[in-house]
Amino acid sequence: MSSSPTTLQSIGSWIGHNLLYSEALESDQRLPCLTFTIANGTYGLLAPSLQFWLALGTCLLLGAIYSAILSCVMYKFIILPRKLHSQSSKYLSTSTSLLIGFGVIMPLCVIYPYYGIHFLLIKNKVIKFLFGIASLTTAFRCSEAVFGFLPTHVDESLWNVIVYNAFPVECKFDKVGAIPSTWANVGYYVRNFGVSCCALGLYCSFLVMSDYKLYPTEEGPKLGDVSLYNALNWHQLANNFSIAILFQIYLTTFSYAINAVTSLVGLTQIPMMLNPIFESTSLSDFWGRRWNLVVHGMLKRGVYKPVRTKYSRLAAATAAFLASGFFHEWLLSVVLYPDYDSVGEDCAPPACFQPGYGRNTLFFVWNAGLIGIEYAFTGAAIFKLLKKHLPPVIISLLVTSTALPVAHWFTNDYVRTDFFHDGQMGWPIIIRLDE
């Protein structure tokens, strides 16, 4: 028995070093595969790291295995008992389902990433991010099961539930089961992943020259440092817009990568991103039909609909935005979770970094307020006039501008750490070599 912990640690260490490449991906160690000179400057092209993508694939697999285990518990103690109820009590949650869902499965989803990151020696912050997302999706989908708002046909078999929870995307189902993908789907996602990967690499090549911050800003990292006056600084607005685009391309690229993998194993999914910054027609369109549709679906079914059964539309939307703020705070703690065994208790940034907790929630509260204003004034003549006479892209930018002044409340911790430097290992980027 005494050798068991050592054996487990050895297994975790082996997976971390050989499948998750914990040491190799701790910092960008790539060497230029091509060098060239422009205007007296020497530049190098860095090829994407294969280890980065293999590590993400391993992380995805580990998350699927863990979610499959929790799916069995979910199906046995939450979904099956609900299916035994009559249609009239379809949305009544039993005390057992509430206890298992909120007392067992969700807490396990919350604590799993911390232990997993420590056990597997994960240091790359983007891989930590995906590690947290895989657990997060299962937690919200558990809420869907508890309150009876799983997508149609998901609860018809244990296998459907396992497939639904396995990946941080949303697979489609019909009465037969998971809708199969085609080779055309695989080709579509692979092509778009390649294009997005190159576009992201070019954009990162531009931003990395300024360390992902176009202009220096004065606002501090803590919740108490928040200033609406600073939000109107045009330097801050430029930084926020550049990082908003970066996040959109990031999520789009990763969604294409995951969709390509899930399509390859025979599953069809809903899209994740539909160009929200440049094609949204309203705030509801931005958050509800274009930005991160996978998370939107989980929040809608796991938070909005349960609250909406008893309260107003605005109350339900506010609850969904608050839940989004809380889980993003949690996700930050996962991404910035330090490995004290490696760096010691007195480590400093970027290895150890204290997030500005509360800022993410404040950002989503701001957007909940904007949604409330939209609900109240969406039929106003001025908005109809603007939509009628302004070009669609201008409408989209006006929509985006409502959140732009405070976007750094959300993005600040990602920019101030080496999160994007960890992520750039996956793209082809150009760096300057003679600085």
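The values are calculated or read from the model by the stated rules, or taken from the named source; none is laboratory data. Nothing here was measured: the structure is a model prediction, and the numbers come from that model. Glycine also receives a Cβ, built like all others from the backbone with ideal geometry; neighbour counts cover every protein chain displayed. Remember, those area values only see protein heavy atoms, side chains included, never the ligands or the DNA or RNA. Shrake-Rupley method; radii C 1.70, N 1.55, O 1.52, S 1.80 Å.
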Check your understanding: Looking at segment 191-199, is at least one residue hydrophobic (A, V, I, L, M, F, W, C), part of a helix (DSSP H, G or I) and farther than 30 Å from residue 241 by Cα?
Key -> no
Review point. In the set 281, 252, 217, which member is more than 29 Å from residue 357 (Cα to Cα) and either in contact with a Lys or Arg (Cβ under 9 Å, 6 or more places away or on another chain) or β-branched (Val, Ile, Thr) (or both)?
Key: 281
Exercise for review: Scan 357, 375 and give me the residue that is within 27 Å of the chain's Cα centre (by Cα) and either buried (at least 18 other Cβ atoms within 10 Å of the Cβ) or part of a helix (DSSP H, G or I) (or both).
Suggested key: 375
Study note, to complete from the structure: When segment 197-232 is checked residue by residue, the ones that are among the aromatic types (Phe, Trp, Tyr), more than 25 Å from the chain's Cα centre (by Cα) and closer than 15 Å to residue 411 by Cβ are 215
**Study point:** Only listed residue being more than 21 Å from residue 270 (Cα to Cα), in a helix (DSSP H, G or I) and in contact (Cβ under 8 Å) with a residue 24 or more places away in the chain, chosen from 111, 79
**Key:** 79
**Study point:** Residue match in segment 9-16 (condition: within 25 Å of residue 126 (Cα to Cα), over 25 Å from the mean Cα position of the chain (by Cα) and aromatic (Phe, Trp, Tyr))
**Key:** yes
Exercise for review: Considering each residue of segment 392-435, count those that are in a loop (DSSP other than H, G, I, E, B) and open to solvent by less than 50 Å² (accessible area, probe 1.4 Å), and give that number.
Suggested key: 7
Review point. Looking at segment 203-279, what helices (runs of 4 or more DSSP H) fall wholly within it and have at least 1 residues that are without any contact (Cβ under 8 Å) to a residue 60 or more places away in the chain and surrounded by fewer than 20 Cβ atoms within 10 Å (Cβ to Cβ)?
Key: 228-231, 234-264
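Conditions (1) over 29 Å from residue 309 (Cβ atoms); (2) open to solvent by 10 Å² or more (accessible area, probe 1.4 Å); (3) basic (Lys, Arg); (4) in a loop (DSSP other than H, G, I, E, B), marked per residue:
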site: 118; (1), (2), (3), (4): yes, yes, no, no
site: 121; (1), (2), (3), (4): yes, yes, no, yes
site: 140; (1), (2), (3), (4): no, yes, no, no
site: 146; (1), (2), (3), (4): no, no, no, no
site: 161; (1), (2), (3), (4): no, no, no, no
site: 175; (1), (2), (3), (4): no, yes, yes, yes
site: 181; (1), (2), (3), (4): yes, yes, no, yes
**Study point:** Sole residue being of a type outside the set (A, V, I, L, M) and open to solvent by less than 30 Å² (accessible area, probe 1.4 Å), chosen from 76, 128
**Key:** 128
